[in-house]
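What follows is a short report on a single structure.
The values are calculated or read from the model by the stated rules, or taken from the named source; none is laboratory data. What you are looking at is a predicted structure, and each value in this text was computed from that prediction instead of being measured. Note that we place each Cβ from the backbone using ideal geometry, even for glycine, and neighbour counts take in every protein chain shown.
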Amino acid sequence: MTTTDKRKVLVLLGPTAVGKTRLSLELAEMYNAEIISGDSMQVYRGMDIGTAKIRPEEMKGIPHHLIDIHDPAEAYSAAEFQEQGGRLIEEISGRGRLPFIVGGTGLYIESLCYGFRFSAAVADEAFRQAQDAFAEEHGAEALHARLAAVDPESASRLHPNDRRRIIRALEIHHQTQTTLSSTQAAQKREFPYELCLVGLTMDRQILYRRIEERIDQMLGNGLVAEVEGLLRQGCSRNMVSMQGLGYKEIAAYLEGELTLDDAVTLLKRDTRRFAKRQLSWFRHMKEIVWIDDFQEANYAEHLLAIRAVIAEKLKL
C-alpha cells in the first residue's frame, strides 16, 4: 500500500492532566474529525470521575468512540482496542472525516498505529490463578520481582500494582521462553496509516501540580461516592477496572485499610509516577512531534505550531 492509499490518522497523546481534552475538541472541529479514545479506563461504564471522562455535554457534538463500551466486570485488552480502533478508522474515513486518536495509554496507541502483532501465548487460567494467589500471599512487590527476574525491561515499565499486565508478561515467558519486551522490540513497524503524532509535555513540576489539582477536583466532584457505588454494585477490587488509579486507593479507604488522607496521598504519588511512565513510554516513539511547555499562557502559539505539523504530515 502506497502512502497515498493509506488512511490519514491524527494522534494526540501525552501524560495525564497535560491538557489533551480541550485541544482535541478544537482540533476535531477544525479538521472535521471523530475522536477515538486511546484510554484504557474510559471504556468502563460508571467509571467517570476517576477517569476524567469527558461528559456528553462537553463534546460539542463531536463523535467520541470507545468510551462507555464495557461494564467494569469485563476486562478490556490492547488487542481488543487494536481491532476496534482499526475498524473505526475505516468507518470514519469512509464517512469523509478524519480519525483522531486521543489518549495516554501507550501500548494501546502504539499497537494500533503500528499494527503490532500480539504474542501467540494463549490464556492459561491455571497459571494466572497461581500467580494471582502468589501475589495475594506475598504481595504485589513480590510478583513484580518475579517479572524483574525474567524480564527486567518490562518490569521497569509496569507498576507493581498492575497485576494483570505483570501476570500476562510472566505468562508469555512461561509459555514461549521469550520475554514480552523482546517480543515488542522485534515488532516490525508497518505504518498501516499515514500518521501525524503530536505529543504534549510541560515542565514536570507544573504537570505534577496539575495532577494534584485534578485529584482534588475529582474528590470534590464525588470520587469517593463513585467508588462506593461500584463496590455496592458488586465490583471487586481484583477486577482489572478497579485496579485503575483512583479506584484502588479509594476502595482501600472504604474498606478500612487506609485513612482518606493516606489514600489521597497515595493516589497523588502513584499518579505522578504514572505520568512519568507515560512519558518514558512515548519517548521511544520516534515519530512523535513534541510540543513542549504546553500550558495556557502559550496555548494560541502552540495551536498554530500543531496546525503547521498537521499540514506538513497529513497535507491538511
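To keep it simple, each residue is scored yes or no on (1) surrounded by 21 or more Cβ atoms within 10 Å (Cβ to Cβ); (2) charged (D, E, K, R); (3) within 18 Å of A79 (Cα to Cα).
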{"position": "R128", "(1), (2), (3)": "no, yes, no"}
{"position": "R146", "(1), (2), (3)": "no, yes, no"}
{"position": "I166", "(1), (2), (3)": "yes, no, yes"}
{"position": "Q175", "(1), (2), (3)": "no, no, no"}
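With the structure loaded, tell me whether I288 is under 19 Å from D203 (Cβ atoms) and β-branched (V, I, T) or whether it fails that test.
Working: under 19 Å from D203 (Cβ atoms): yes; β-branched (V, I, T): yes.
Yes, satisfied.
Take I62 and tell me if it is assigned by TED's automatic domain parsing to the domain that holds Q243 and either touching a residue at least 40 places away in the same chain (Cβ under 8 Å) or under 18 Å from the mean Cα position of the chain (by Cα) (or both). Spell out the reasoning first.
Numbers: assigned by TED's automatic domain parsing to the domain that holds Q243: yes; either touching a residue at least 40 places away in the same chain (Cβ under 8 Å) or under 18 Å from the mean Cα position of the chain (by Cα) (or both): no.
So I62 does not fit the description; no.
Residues being loosely packed, with under 13 Cβ neighbours inside 10 Å and closer than 22 Å to L27 by Cα: count how many of those fall in the stretch 269-292.
Qualifying residue count, the stretch 269-292: 1.
Yes or no, residue by residue, for (1) at negative phi; (2) assigned to a helix (DSSP H, G or I); (3) in contact (Cβ under 8 Å) with a residue 12 or more places away in the chain:
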residue: V102; (1), (2), (3): yes, no, yes
residue: Y108; (1), (2), (3): yes, yes, yes
residue: E137; (1), (2), (3): yes, yes, no
residue: S154; (1), (2), (3): yes, yes, yes
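Report whether or not S93 is assigned to a helix (DSSP H, G or I) and touching a Lys or Arg at 6+ places or on another chain (Cβ under 8 Å).
The answer is yes for S93.
On the given criteria, is A252 of a type in the set (G, A, S), closer than 30 Å to A133 by Cα and in contact with a Leu (Cβ under 6 Å, 6 or more places away or on another chain)? Outline the logic, then answer.
Values: of a type in the set (G, A, S): yes; closer than 30 Å to A133 by Cα: yes; in contact with a Leu (Cβ under 6 Å, 6 or more places away or on another chain): yes.
So A252 passes the test.
With respect to Q175, determine if the residue is closer than 15 Å to V240 by Cβ and either in the same structural domain as D270 (by TED's automatic domain parsing) or among the polar types (S, T, N, Q) (or both). If you could, list the steps in order and put the result at the bottom.
Values: closer than 15 Å to V240 by Cβ: no; either in the same structural domain as D270 (by TED's automatic domain parsing) or among the polar types (S, T, N, Q) (or both): yes.
Judged against the criteria, Q175 is not a match.
Quick check: is even one residue across the stretch 48-71 hydroxyl-bearing (S, T, Y) and touching a Ser or Thr at 6+ places or on another chain (Cβ under 7 Å)? Let's see the steps before the verdict.
Let us first name the residues in the stretch 48-71 that are hydroxyl-bearing (S, T, Y), namely 51.
Those still in the list that are touching a Ser or Thr at 6+ places or on another chain (Cβ under 7 Å) too: none.
Checking the stretch 48-71: not a single residue is hydroxyl-bearing (S, T, Y) and touching a Ser or Thr at 6+ places or on another chain (Cβ under 7 Å).
Go through the stretch 1-52 and give me each residue that's within 23 Å of L303 (Cα to Cα) and in a helix (DSSP H, G or I). Lay out the reasoning, then the answer.
Residues of the stretch 1-52 within 23 Å of L303 (Cα to Cα): 8-39, 52.
Within the stretch 1-52, K20, T21, R22, L23, S24, L25, E26, L27, A28, E29, M30 meet the criteria.
Among the residues of the stretch 235-256, count how many are modelled with pLDDT of 95 or more and surrounded by fewer than 13 Cβ atoms within 10 Å (Cβ to Cβ).
2
Which condition breaks for D39 when tested against (1) at pLDDT 95 or above; (2) surrounded by fewer than 20 Cβ atoms within 10 Å (Cβ to Cβ); (3) charged (D, E, K, R)?
(2)
What pairs can you find where one residue is in the stretch 162-178 and farther than 13 Å from A135 by Cβ, the other is surrounded by fewer than 23 Cβ atoms within 10 Å (Cβ to Cβ) and charged (D, E, K, R), and their Cβ atoms are less than 7 Å apart, with a gap of 6+ or different chains?
E171/D124; E171/R128; Q175/D124
For L112, are the conditions met, namely being outside any loop (DSSP other than H, G, I, E, B), at pLDDT 80 or above and assigned by TED's automatic domain parsing to the domain that holds M239?
Details: outside any loop (DSSP other than H, G, I, E, B): yes; at pLDDT 80 or above: yes; assigned by TED's automatic domain parsing to the domain that holds M239: yes.
When the stated conditions are applied, L112 passes them.
Quick one: how many residues across the stretch 1-44 are of a type in the set (D, E, K, R), within 23 Å of F191 (Cα to Cα) and touching a residue at least 12 places away in the same chain (Cβ under 8 Å)? Steps first, please.
Step one: of the stretch 1-44, the residues of a type in the set (D, E, K, R) are 5-8, 20, 22, 26, 29, 34, 39.
Now restrict to residues that are within 23 Å of F191 (Cα to Cα): 5-8, 34, 39.
Applying the additional criterion that residues be touching a residue at least 12 places away in the same chain (Cβ under 8 Å) yields 6-8, 34, 39.
Total satisfying the criteria: 5.
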